[in-house]
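In what follows, a structure is listed as structure tokens, so that the remarks can point back to it.
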């Protein structure tokens, strides 16, 4: 192990020790609700501030993907009310059942940095595959779409708080995928928490409606990651870009559309 790896593992151990100090709360059925809400609203807050500023500042508006779109207070309160209701009425009862059936484990040692990176990436890839096929199925089967998924397509211009503007079935299914993947890979509890935070941030970023020079998809080479532009096109065009994060499944199934080929298609239609 290098000096750098040792230092990073040391900081992970400090973080894990701090979490273990709050073991009574962390192991309670209230923790998943508080943790989920805090992470979600924390990820949404910067984009919410940008939405407030975008109508007044051209500097902010230039980064919006759909520049004509505007997030109203009615839409904001609608999404906030729905996410709070979902956490209180659905996630909390499920947390109680999970707490009763499976007492949480609390190992003394934190995982190694490379193990965390490996497991988080594996969880993201598994989740991306599961959601792609779930998403494709719910768009191809009209009955499934209208009963379970149509609610998430209420807005054609995405914004951060609309990330969890979903039906209970969709929220339950995606939560099940994320929890299942951590269990299948036997992830350390700290890795599971870090995966949740990263997964939540990427999901909110994909729905944010903003494209920045430092957006995640610009940091991943060869167009392997889609990001906000990728998912915004899905809400706008409807039958493209089913994968939440990466692009390989859409490439394989011929459902990938980028901003570039979208514009070229529209140009050819006009000619």
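A short reminder: the numbers here are calculations on the coordinates, not readings from a lab. Only a predicted model underlies this, so the values are computations on that prediction, with no experimental measurement involved. Glycine also receives a Cβ, built like all others from the backbone with ideal geometry; neighbour counts cover every protein chain displayed.
Structure data summary
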| item | result |
| --- | --- |
| 0 to 90° range, to nearest 10: angle between helix 92-101 axis and the chain longest Cα axis | 40 degrees |
| For the stretch 84-147: rounded, prolate or oblate by the Cα gyration tensor [a/c cutoff 1.5] | oblate |
| Residue-span extension gain [residue 218 to residue 198] - 0.36 nm each, minus C-alpha spacing | 5.5 nm |
| Residue 106-residue 150 FRET efficiency (beta carbon distance; Förster radius 45 Å; 0.05 resolution) | 0.65 |
| At R0 = 51 Å, FRET efficiency that the Cβ-Cβ distance of residue 55 and residue 22 yields, to 0.05 | 0.80 |
| Nitroxide proxy distance, nm - points 7 Å out along Cα→Cβ at residue 121 and residue 80 | 3.9 nm |
| Column: log10 I(q)/I(0), Debye, Cα scatterers of the stretch 113-177, q = 0.15, 0.21, 0.24 Å⁻¹ | -0.56, -0.92, -1.07 |
| Distance from the stretch 22-89 to the stretch 93-168 (C-alpha centre basis), Å | 17 Å |
| Ratio Rg/Rh, restricted to the stretch 86-228 and using Cα atoms, in which Rh is the Kirkwood radius | 0.98 |
| Mean separation of Cα contacts under 8 Å (6+ apart) over length of the chain, as relative contact order % | 21 percent |
| Extended-chain gain in nm, criterion 0.36 nm per residue less alpha-carbon gap, residue 167 and residue 98 | 22.7 nm |
| Residue-averaged 222 nm ellipticity for the chain, from DSSP H runs of 4+ at -39500 (n - 2.57), nearest 500 | -20000 deg cm²/dmol |
| Dimensions (Å) - the stretch 1-149, Cα atoms, principal axes, largest first | 51, 41, 31 |
| Rounded FRET efficiency, nearest 0.05, which uses the C-beta distance separating residue 237 from residue 143 and R0 of 22 Å | 0.50 |
| Rounded tilt (10° steps) of 168-184 against the dominant C-alpha axis of the chain | 50 degrees |
| Kirkwood Rh and Cα Rg combined as Rg over Rh, evaluated for the chain | 0.98 |
